[in-house]
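Below you'll find the structure, written out as structure tokens, and then a few comments.
The values are calculated or read from the model by the stated rules, or taken from the named source; none is laboratory data. Computed from a predicted model, the values in this text were never measured in an experiment. Cβ atoms come from the backbone with ideal geometry, glycine included; neighbour counts cover every protein chain shown. Ligands, DNA and RNA are excluded from the accessible area calculation, which covers all protein heavy atoms including side chains. Shrake-Rupley method; radii C 1.70, N 1.55, O 1.52, S 1.80 Å.
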Amino acid sequence: MALKSGDLLSRLKFNKDLFISRIRNKSGENFDDTEFRRLTEINAKVYDEDTESEVNETRRVLRIITKGNGTRKNSVTLVPMKSLSLEDFAFPFSNSTKIREALRLQVMPYSAAGNLEIFPVVLNKAGRGVNGVVWYLSPDELDVPSMPYDSGNNNKVWPAALPFISQLKDYDGTGVTMWIDEQNICSMLWQNNKPVLSRWRKLSSIHTEEKELAWYDNYCKARELERGGSFVINIAGDDNNDKESGLEFCRIINESIKICPWIADVNLSRRAIEGAIDLERNVRLLTRVSCWLLALGVVTLGTSFIKWHQTQTQLAEARTRSESFYRKVFDPSHTGRIANPVSLARDKIASLTGTGPAGHQIDEVLADIGEIFTGNQSMDITLDIIRYNSEGLDCNGTAPDMSTILTFRRAWEGKASVAQVDNTQFVSGIGYRFDLRIRW
């Protein structure tokens, strides 16, 4: 594994003591415990049953770059993606489903040329809006093999040239990061720690690297962009198990994650796109169900409110008619609300016809009143009106507070079967006016 950086591409040297100390200082806070792999293609001969002969077949296999220091089964696969392209986006909303839908609408005119998978990555949030980078990738490149011991969602796929931005820190995150392996040379142009361009070329000669860097020189000059520096990593060769190189590799990636934390969330894999699709499907389903439930709730609430309003209207009309009948028949001079016109009317009829049950005589009633006031001389009650008939007694009076009224009512409970306080009202300067209904 060869690493190159800066204007002189061969100036990077390993410093074992420096690398080990840096790794130790960041242990537990980075990707030291992650297994890094790379994807490569090999040609193998397989037997074709149809032609009964051996044919060449290209297979995609994984090679381990470094196993990491920990025991966790996290892994990151670096893939040289041929169809990868990227573009900036900015929207006044931050919902991930809405972002994907908006990006899908933007690329719809180009979908006739083939399907594209969309991987948005949010870089910054400003209020309710967001801006970031969207990765476009052919579905054919999502078929990344796995190791037998892989499990769960701990396996991520990154573009091969992505996690080396830390090597451009001397140029304020501006320049080119380049990945070279046995068949591929892929690169990424950065401006202020933000990727703006991704390229892939087949490695055809030893001069392909220099040609690519020269192409970037001309591109940045034509686009009036800062060229910055260069970092080249040549990963070609057999699996590298050198511990020293592995520590250096992890250090570079850890520094890149520290500079650009959003890199840790990048996952250009089929599992990630399927998870996003499932999430969108669930959100749409739950939204549809919520809308139906909301509509049903509104209809139910409206129906209940109409029934309640009708019931209240009918009750008010019945009360108004009862009060009106009582006034017309028994007491035309009565003003204000009548608390219980039916009971009052029944008492009036009983007193006029004499058909009510035998009750107390008037002298007994007066004796009861005198006994109540004599037994509790501190009770400040003033009786303004006393109506007597054979069924009971109706009193209208005043008291300074409600406790006095309740004491007066309780005094009658031992002398009558019913003692009920109705129509209690507070009158400023007088106290509480009340009606006491007593039935034998």
- Message: For the range 149-173, which positions are open to solvent by 70 Å² or more (accessible area, probe 1.4 Å) and over 26 Å from E41 (Cβ atoms)?
- Response: K169, D170, D172
- In the range 376-389, what count of residues is obtained for those that are open to solvent by 70 Å² or more (accessible area, probe 1.4 Å) and more than 23 Å from H334 (Cβ to Cβ)? 3
- Inside the range 193-215, can you point out the residues that are farther than 13 Å from R227 by Cβ and open to solvent by 40 Å² or more (accessible area, probe 1.4 Å)? N193, K194, W200, R201, K202, L203, S204, S205, I206, H207, E210, K211
- Query: Among the listed residues S187, S146, which satisfies the condition of being exposed (fewer than 15 other Cβ atoms within 10 Å of the Cβ), hydroxyl-bearing (S, T, Y), out of contact with any Gly (no Cβ under 8 Å at 6 or more places or on another chain) and on the phi < 0 side of the Ramachandran plot?
  - Reply: S146
- Message: Condition check: at pLDDT 95 or above and open to solvent by less than 60 Å² (accessible area, probe 1.4 Å). Does T177 satisfy that?
- Response: yes
- Taking the range 317-337 and keeping residues more than 17 Å from N423 (Cβ to Cβ) and either touching a strand residue (DSSP E or B) at 6+ places or on another chain (Cβ under 9 Å) or loosely packed, with under 13 Cβ neighbours inside 10 Å (or both) leaves E317, A318, R321, S324, K328, V329, P332
- Message: Can you go through I253, I257 and tell me which one is touching a Pro at 6+ places or on another chain (Cβ under 6 Å), among the hydrophobic types (A, V, I, L, M, F, W, C) and at pLDDT 85 or above?
- Response: I253
- Which residue out of E248, E226, E244 is open to solvent by 10 Å² or more (accessible area, probe 1.4 Å), acidic (D, E), in contact (Cβ under 8 Å) with a residue 60 or more places away in the chain and farther than 22 Å from E41 by Cα? E244
- Collect the residues in the range 384-440 that are among the hydrophobic types (A, V, I, L, M, F, W, C) and closer than 22 Å to A345 by Cα, keeping them in residue-number order. I385, I386, L393, C395, A416, V418, A419, V421, F434, L436, I438, W440
- Contacts under 9 angstrom Cβ, first residue in the range 200-211 being in contact (Cβ under 8 Å) with a residue 24 or more places away in the chain, partner in a loop (DSSP other than H, G, I, E, B) and of a type outside the set (S, T, N, Q), 6 or more apart: W200/P80; W200/M81; W200/K82; W200/L84; E209/L9; E209/L203
- Considering only residues that are more than 59 Å from the chain's Cα centre (by Cα), within 17 Å of A339 (Cα to Cα) and among the β-branched types (V, I, T), look in the range 399-440 and name the one that is least open to solvent (accessible area, probe 1.4 Å). I438
